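Laboratory data are not the source of any read-out in this text; all were calculated from the coordinates shown. Note that this is a predicted model, so its numbers are computed, not measured.
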Amino acid sequence: MKRLMSPLFGLLLVFVPACQARGGDPSGTGPSTPAPPEATASKVPPATVLARVNGTDIPSGHLERALKLFLERNSQDPGSVPAARIQDLRKELLESLVSSELLYQASKAAGISVADDAIAQQIQLLQSRFPSEAEFTKYLQDQGLTPDEMKEQARRNLATDQLIKRDVDSKVSVSDQDIADYFEKNKERMRRPEAVKLSEIFAAADSRTSADARNKARQKIELLLKEVRGGKDFAALARQFSESPDAKDGGEMGYVSRNGSLPVLSEAAFKLKVGEVSDVVETPFGYHILKVTDKRAAGDVTLTEAKPQISALLTQQKEREAFNAYLTALKTGARIEILTPTP
């Protein structure tokens, strides 16, 4: 399952701890009154200590950075978020920062260390998501981060991840009987939906991308589409030029149903025949070229077919429960002081 912070998003959200990934990102709805732009800016000085965890301060500046990153990640305009929701987010994010600090302290107490090479790899991974080094530098400046601070956050994230793997996930197991019991209880829900097997070539251009970089991404994907339609091998082009994690697999995404996580991709994919290639498809993440390589009708799933998915689901559930219990135990033995109400 997702770590406390995934390597990429943990760095993109340097101060938003991934205990949210264990229990879900802060979410919910508030009154419909939008927050004016100034409402999202804290009136508390950045150095003001909001909380203290076993003697370690959590200043207001860290909370405001977390709030900004959370809103950016969810593509939310601060001016359109209800004022009460901003207040709730600050409370939830402060609690997450406290949990993150507790876990990092536990990793230090356990003697966990992170190699400099591992930190450099994580920084490189993050930087690769930006069109240029200048864009990456600007991102750090926008977040108020120096390169050294980014490295320190990477060190904390990786140390915490090692701690959770060692002390939580390694103790979780799912038996064949657990899987069989789940299958029997959920047979009606286990029907396989109609799906298409999809491959993609992807050019990244999300909400952080400048207009110039977005235009370059669009030009790149259109040139690649011409190459594909000119007879070039789709998988080879994906391996060489695609910017998605599946590039190493020739762009293979696996089977996608009609109610996939990106409806615009599913809609485009289901219009294609096997072997056909789509026009350029735009999503909030960038530009895609799709190719359908197989179609699968809806039908019943056998226990053998369902076993990997059920195992992953039950493992995730057990890991979440074990993580919550672990974090609760840390909090019980810690001295946590909330010194200033969230701004």
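Quick notes on this structure:
- Anisotropy class of the range 191-237 from Cα gyration tensor, a/c 1.5 cut: oblate
- For the range 272-286, putting each phi into the Karplus relation 6.51 cos²θ - 1.76 cosθ + 1.60 with θ = phi - 60° gives couplings of 8, 8, 4, x, 7, 10, 7, 6, 5, 10, 9, 10, x, 9, x Hz, in residue order, rounded to whole numbers and with x for Gly and Pro.
- Relative contact order for the range 210-343: 14 percent, from Cα pairs under 8 Å spaced at least 6 residues apart, divided by residue count.
- Bins of 20 Å, starting at 0 and running to the largest distance - Cα pair percent for the chain: 24, 54, 21, 0
- Here's how it looks for LEU50: its modeled amide H is under 5 Å from those of ILE58, SER60, which are all 5 or more places away or on a different chain.
- The range 240-343: Rg to Rh, with Rh as the Kirkwood radius over Cα pairs: 1.18
- Principal axes of the range 243-299: Cα extent on each, largest first, Å: 33, 22, 19
- Cross-link partners of LYS91 among lysines, defined as those whose alpha carbon lies under 19 angstrom from its own and excluding same-chain residues fewer than eight positions apart: LYS43, LYS68, LYS331.
- Helix 83-109 vs. the chain, principal-axis angle (Cα, 0 to 90°, nearest 10): 80 degrees
- The chain, relative contact order in percent, only Cα pairs under 8 angstrom and at least six apart counted: 23 percent
- Cα gyration tensor, the range 303-343 - rounded (a/c under 1.5), prolate or oblate: oblate
- Taken one residue at a time, the phi angles of the range 136-148 give Karplus couplings (6.51, -1.76, 1.60, θ = phi - 60°) of 5, 4, 5, 4, 4, 5, 4, 8, x, 10, 8, x, 5 Hz. Gly and Pro are set to x.
- Sum of -39500 (n - 2.57) over DSSP H runs of 4+, divided by residues of the chain (222 nm, nearest 500): -16000 deg cm²/dmol
- Cross-link reach is defined here as a Cα-Cα straight distance under 20 Å, omitting same-chain residues fewer than 8 places apart; for LYS187 the lysines meeting it are LYS307.
- The range 132-204 shape via C-alpha gyration tensor axes, a/c threshold 1.5: oblate
- Rg over Rh for the range 192-296 works out to 0.96, using Cα positions for both radii and the Kirkwood form for Rh.
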